[in-house]
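Asker: This structure is in structure tokens; I'll ask about it shortly.
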Amino acid sequence: MQLDELSDFLRSLLQEGVQQLLEHVLQQVDYLCQVGLDYLSLERETGTLSGGESQRIKLIRSIGSSLTDLIYVLDEPSIGLHPQDMQAIAQLIQAISAKGNTVLLIDHDKAMIQLANTVFELGPKAGVHGGELTSVGSYDQWAQRQKDQPSLTRNTLKQTPKTIFSATHISKNNVQNVSVALPKQQLIALTGVAGSGKSSFANALQEKYEKDVFYVTQKRVHTSRRSTLISFTGLFDDVRRLYSKHNQISASYFSFNGKGACPTCNGKGFIETELAFLDPIRSVCEACQGTKYRKETLAYTYRGKNIGEILALSVEESCEFFADQQKMVTQLFWLKAIGLGYLTLGQTLNTLSGGELQRLKLACNLDCQSKLIILDEPTTGLSTQDVQALLNVFDTLLQNGNTLLVIEHNTELIRLADWMIEFGPSSGNKGGQVIFEGTPADAVNNQASITGKFL
């Protein structure tokens, strides 16, 4: 039973004796429906919920609390939300604030930022080039500064597609027997209200046309917690070979999982202390000072840096350091081009956000050709400057003969798409239908399109 069906069922049971109990439950169910979760069923496992869905459920639990004078920190509450769904979330956030609480919103969506009494902006860039408070003021002051920023653009001109990718009889969850024509070598925006069937459609596409589809999600990659950016990209093998050749010693000495690992922390860089009934405490390994390597290994250098110092370099710094290594520079260049230049080579994958992971996976597969590449909300957590870098990479992928299908709610990116497919008209069993196919410009004047009203 879906939550909207549960709401109707509970109302049919309202009577004296149980009315007070049911009204409390009904209030919570109605809140969940109001924030666009009416399509969720009671049997849905929490592990299958998206980050946005989980966060909205936690918000509902908070709104029913009598606690006040708290600080609520909301990390990207707009994730996974269609512009039409934003209003309900906005009302919920305002209700929490009205109860005497302070709400700290971390978001890039203008509709969310507009709710704020004060806007704090950090920068000026990411990673080591950021971390400074660059401005404080009202939304109007922030919006005025944004007018001075360049608008999003694409390097390639929109072209009429010569061929199409026919996706026929697609069925999964609430999407039943849907057929669409995807124009090849085009940027296609897949949009629709939350729960309308976008992800189900994308998953079904991957399952049916597995050989032709490359689906880049924001899900965690199945690797060990020792996995780092340099190992995931395959660059670590090249680095170890360089050190091995330069120092005339086996490459295994430069692996923190092998002979070169610090014996105290076993190459982890930290010591973990278990505590009863509490989360373990991590402290930097005093023996290796967090480098993960034994002292003997750190004595070997290449161009004045030991292997531990290499792992501490950012992608941007690595581009300069390995400038004479063409293969490595190519990989590093794409990481930098896609907006990940601030990450360090030794950064573990479990510290990356979903958006960072998705861009990392995309950067490692930029050599693919003639594929249907599906991306799940790639602009999540990105500033306008970062989105522009992503668009530049998109154009490169299109030039290589690929077709991009982007699940997205960012209206600025949707406007720049060559084609748009919209699911709806609502969520759950009231969705799953294609309500619009065409250009974003055509959607503006199409009454059936919900997204068109926001373009």
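Asker: Can you report the number of residues in the range 151-201 which are touching a residue at least 40 places away in the same chain (Cβ under 8 Å), of a type in the set (A, V, I, L, M) and more than 20 Å from residue 83 (Cα to Cα)?
Answerer: Residues flagged as touching a residue at least 40 places away in the same chain (Cβ under 8 Å), of a type in the set (A, V, I, L, M) and more than 20 Å from residue 83 (Cα to Cα) within the range 151-201 amount to 7.
Asker: Which ones in the range 217-250 are surrounded by fewer than 19 Cβ atoms within 10 Å (Cβ to Cβ), of a type in the set (Val, Ile, Thr) and touching a Leu at 6+ places or on another chain (Cβ under 7 Å)?
Answerer: 221, 223
Asker: To continue, here is another question. Can you find a residue that is in contact (Cβ under 8 Å) with a residue 60 or more places away in the chain and either touching a helix residue (DSSP H, G or I) at 6+ places or on another chain (Cβ under 9 Å) or exposed (fewer than 13 other Cβ atoms within 10 Å of the Cβ) (or both) anywhere in the range 2-21? Can you show your working first?
Answerer: As a first pass, look at the range 2-21 and keep what is in contact (Cβ under 8 Å) with a residue 60 or more places away in the chain: 2, 4.
Pick out the ones that are also either touching a helix residue (DSSP H, G or I) at 6+ places or on another chain (Cβ under 9 Å) or exposed (fewer than 13 other Cβ atoms within 10 Å of the Cβ) (or both) and you get 2, 4.
Yes, there is a match, as at least one residue in the range 2-21 is in contact (Cβ under 8 Å) with a residue 60 or more places away in the chain and either touching a helix residue (DSSP H, G or I) at 6+ places or on another chain (Cβ under 9 Å) or exposed (fewer than 13 other Cβ atoms within 10 Å of the Cβ) (or both).
Asker: Give just the number: which of (1) closer than 30 Å to residue 34 by Cβ; (2) basic (Lys, Arg); (3) surrounded by fewer than 19 Cβ atoms within 10 Å (Cβ to Cβ) does residue 184 not satisfy?
Answerer: For residue 184, the exception is condition (1).
Asker: Considering only residues that are loosely packed, with under 13 Cβ neighbours inside 10 Å and of a type in the set (Ser, Thr, Tyr), look in the range 89-126 and name the one that is nearest to residue 454 (Cα to Cα).
Answerer: Among residues in the range 89-126 that are loosely packed, with under 13 Cβ neighbours inside 10 Å and of a type in the set (Ser, Thr, Tyr), the one nearest to residue 454 (Cα to Cα) is 118.
Asker: For the range 349-371, give me the residue count where each residue is surrounded by 21 or more Cβ atoms within 10 Å (Cβ to Cβ) and in contact with a strand residue (DSSP E or B) (Cβ under 6 Å, 6 or more places away or on another chain).
Answerer: Count: 2.
Asker: What are the residues in the range 277-303 that are without any contact (Cβ under 8 Å) to a residue 12 or more places away in the chain and closer than 23 Å to residue 128 by Cα, if any?
Answerer: Selection gives 289 alone.
Asker: Sticking with this one: I'd like to verify a number: residues in the range 241-257 that are in contact (Cβ under 8 Å) with a residue 40 or more places away in the chain and either assigned to a helix (DSSP H, G or I) or outside the structural domain of residue 307 (by the TED database) (or both), how many? Steps first, please.
Answerer: Start the filter on the range 241-257 by keeping residues that are in contact (Cβ under 8 Å) with a residue 40 or more places away in the chain, which leaves 242-243, 246-247, 249, 253-254.
Then keep just the ones that are either assigned to a helix (DSSP H, G or I) or outside the structural domain of residue 307 (by the TED database) (or both); that gives 242-243, 246-247, 253-254.
Of the residues in the range 241-257, 6 are in contact (Cβ under 8 Å) with a residue 40 or more places away in the chain and either assigned to a helix (DSSP H, G or I) or outside the structural domain of residue 307 (by the TED database) (or both).
Asker: Here is a follow-up. If residue 203 satisfies all but one of (1) farther than 30 Å from residue 428 by Cβ; (2) outside any strand (DSSP E or B), what's the number of the condition it fails?
Answerer: Every condition holds for residue 203 apart from (1).
Asker: Is it the case that the range 329-342 has a residue that's in contact with a helix residue (DSSP H, G or I) (Cβ under 9 Å, 6 or more places away or on another chain) and assigned to a loop (DSSP other than H, G, I, E, B)? Spell out how you get there, then give the answer.
Answerer: Start the filter on the range 329-342 by keeping residues that are in contact with a helix residue (DSSP H, G or I) (Cβ under 9 Å, 6 or more places away or on another chain), which leaves 329, 331-342.
With the extra rule that they be assigned to a loop (DSSP other than H, G, I, E, B), the set shrinks to 341-342.
So far as the range 329-342 goes, yes, one or more of its residues are in contact with a helix residue (DSSP H, G or I) (Cβ under 9 Å, 6 or more places away or on another chain) and assigned to a loop (DSSP other than H, G, I, E, B).
Asker: So in the range 222-240, with the set limited to residues that are in a loop (DSSP other than H, G, I, E, B) and of a type in the set (Ser, Thr, Tyr), which one is modelled with the lowest pLDDT?
Answerer: First pass over the range 222-240, keeping only residues in a loop (DSSP other than H, G, I, E, B): 222-227, 233-234.
Cutting the leftovers down to of a type in the set (Ser, Thr, Tyr) gives us 223-224, 227, 233.
Working: 223: 63, 224: 67, 227: 89, 233: 93.
Per the stated criteria, the residue is 223.
Asker: Could I ask something else about it? Looking at residue 311 and the list (1) out of contact with any Lys or Arg (no Cβ under 9 Å at 6 or more places or on another chain); (2) more than 25 Å from residue 79 (Cα to Cα); (3) surrounded by 19 or more Cβ atoms within 10 Å (Cβ to Cβ), which single condition is not satisfied?
Answerer: Going through (1) out of contact with any Lys or Arg (no Cβ under 9 Å at 6 or more places or on another chain); (2) more than 25 Å from residue 79 (Cα to Cα); (3) surrounded by 19 or more Cβ atoms within 10 Å (Cβ to Cβ) one by one, residue 311 breaks only (1).
Asker: Oh, and also: Filter the range 1-54 down to residues that are at pLDDT 85 or above, of a type in the set (Asp, Glu) and over 19 Å from residue 85 (Cβ atoms), then give me how many there are.
Answerer: Qualifying residue count, the range 1-54: 3.
Here is a yes/no grid of residues against (1) surrounded by fewer than 23 Cβ atoms within 10 Å (Cβ to Cβ); (2) in contact (Cβ under 8 Å) with a residue 40 or more places away in the chain; (3) within 25 Å of the chain's Cα centre (by Cα):
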| site | (1), (2), (3) |
| --- | --- |
| 305 | yes, no, no |
| 330 | yes, no, yes |
| 337 | yes, yes, yes |
| 341 | yes, yes, yes |
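Asker: Looking at 393, 406, can you tell me which residue is crowded, with 21+ Cβ neighbours inside 10 Å, within 18 Å of residue 214 (Cα to Cα) and either over 20 Å from the mean Cα position of the chain (by Cα) or not small (Gly, Ala, Ser) (or both)? Spell out the reasoning first.
Answerer: Working: 393 fails: crowded, with 21+ Cβ neighbours inside 10 Å.
The conditions single out 406.
The values are calculated or read from the model by the stated rules, or taken from the named source; none is laboratory data. Because the structure is a prediction, the values reported are computed rather than measured. Cβ coordinates were reconstructed from backbone atoms using ideal geometry, including for glycine residues, and neighbour counts include every protein chain displayed.
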